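Enquirer: Here it is, the structure in full.
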Ligand SMILES: [Zn+2]
């Protein structure tokens, strides 16, 4: 029998394997020792993270050896045993990213053993204090989600000790963070580029927000969660360099008739002259803010149940340079309006839509998008594979079509995907 190394050089095998899914790579790996060595090459596991839940107690030494060979740098830990956490620190000294789920205060003491940590996420944990990272200045990314025993003010005072943070996410903190505290966070963390906040209800009808002395915030990305009440209209004056704005509204305006979040949205968009990415989940009707969307926008995500053809035309008029569009109107449907997308957004390179209730002809009309490189389908349908193949033929196989099921990034927060999906 011919040895695989005589059939193809290892670089070519490596390239072939780069097209395989994680499950497929696992199958190839058990074929022979030569393939096992090739499959474990670090280039095939770049940006891959592993979930460690210790189902049968400690892992065997060869398991850690495999992870070290692949140069794994990100781990999700689902264990409440400090011994397991110490095992990870000792076995994978090169770890730079750690997600801890369901841990307690004693577990957090083990963080001192991770000497190269740069990114830390703590989720659904029974911890009562956050003063546990031995070298807080080393962290550049910090995410805290669902920590029921930690108060708002303790959270803020704890996170501001991480003076080199470039990214900070505070999700589902007991009472949320008052919006006005953004100013304090930005002042304490001068290198912050990305901030994600679950904001709380203000005590007054409008949270006080003083921008009389704007600081030199370097923030380029802001995510706000669960907003269903008035926010300060002048807030964007403090963050003029924002390139990405994400707004997760708790519900649409029709469910909270007393509030008008749309007025804030319109004002905020008017103040963001460098905005290139906008993500809006539910919230006000599109017609309430569409005229304020800046023409600099390249990437738009709308997850909104009420979206008419008039809305689509108005959005297109405001975004002449749009290259990426993610349009999800579930539980309503785009239907025949899909046929208008090539005319309204001719520069699209990436498009994400649902397939349900889109007539076959209108779906195939998407081949008119001359620059489209990736089409992402957000739902499943038995007819989809056949139609996708026809669409690919119409585009001379230029188009790459992604269909469900999608693999979730294990490092990402479930609370965010839960709000979106
Ligand atoms: Zn979260």
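Each reported figure results from applying straightforward, stated rules to the coordinates on display, with no laboratory input. Quick caveat: nothing in here was measured; it's all calculated off a predicted structure. Note: ideal-geometry Cβ built from the backbone for every residue, glycine included; neighbour counts use all protein chains shown.
Enquirer: How big is the shadow of the Cα convex hull of segment 1-101, averaged over all directions, in nm²?
Expert: 7.1 nm²
Enquirer: Rank by packing, highest mean first: peptides 41-53, 5-17, with packing defined as the count of other Cβ atoms within 10 Å averaged across residues.
Expert: Ranking, from highest mean packing down: 41-53, 5-17.
Enquirer: For 298, 239, which order do you get if you count the other beta carbons within 10 Å of each Cβ and list the fewest first?
Expert: Taking fewest neighbouring Cβ atoms as first place, the list is 298, 239.
Enquirer: Continuing with the same structure: For residue 270 and residue 24, what does the FRET efficiency come to when R0 = 45 Å and r is the distance between their Cβ atoms, rounded to the nearest 0.05?
Expert: About 0.35, to the nearest 0.05.
Enquirer: Which length gain, in nm to one decimal place, applies between residue 403 and residue 306 when the Cα-Cα distance is subtracted from 0.36 nm times their residue separation?
Expert: 32.5 nm
Enquirer: Return the ratio Rg/(2.2 N^0.38 Å) for the chain, where Rg is computed over Cα atoms only.
Expert: In units of the 2.2 N^0.38 Å rule of thumb, it is 1.10.
Enquirer: With labels modelled as points extended 7 Å from the Cα through the Cβ direction, what inter-label distance (nm, one decimal) is found for residue 393 paired with residue 371?
Expert: 2.9 nm
Enquirer: Related question: Taking R0 as 22 Å, what FRET efficiency do you get between residue 241 and residue 326 from their Cβ-Cβ distance, rounded to the nearest 0.05?
Expert: With R0 = 22 Å, the Cβ-Cβ based efficiency is 0.40.
Enquirer: Hey, another quick one. Taking the number of other C-beta atoms within 10 Å as the exposure measure, put 416, 358 in order starting with the fewest.
Expert: Placing the least packed residue first, the sequence is 416, 358.
Enquirer: OK, next. Just report the Cα centroid separation between segment 60-121 and segment 367-421, whole Å.
Expert: Taking the Cα centre of segment 367-421 as reference, the centre of segment 60-121 is 34 Å away.
Enquirer: At 222 nm, what helix-only mean residue ellipticity would the chain give, in deg cm²/dmol to the nearest 500, using -39500 (n - 2.57) for each DSSP H run of four or more? If you can, show how the numbers build up before the last one.
Expert: Values: 15 runs with 114 residues, N = 421.
So the helix-based figure for the chain works out to -7000 deg cm²/dmol.
Enquirer: Test of understanding: ordering 179, 35, 307 by Cβ neighbours within 10 Å, fewest first, what list do you get?
Expert: So the residues, fewest neighbours to most, are 35, 307, 179.
Enquirer: Residue 33 to residue 3: extension gain in nm, 0.36 nm per residue of separation minus the Cα-Cα distance?
Expert: Contour length minus the Cα-Cα distance gives 9.7 nm.
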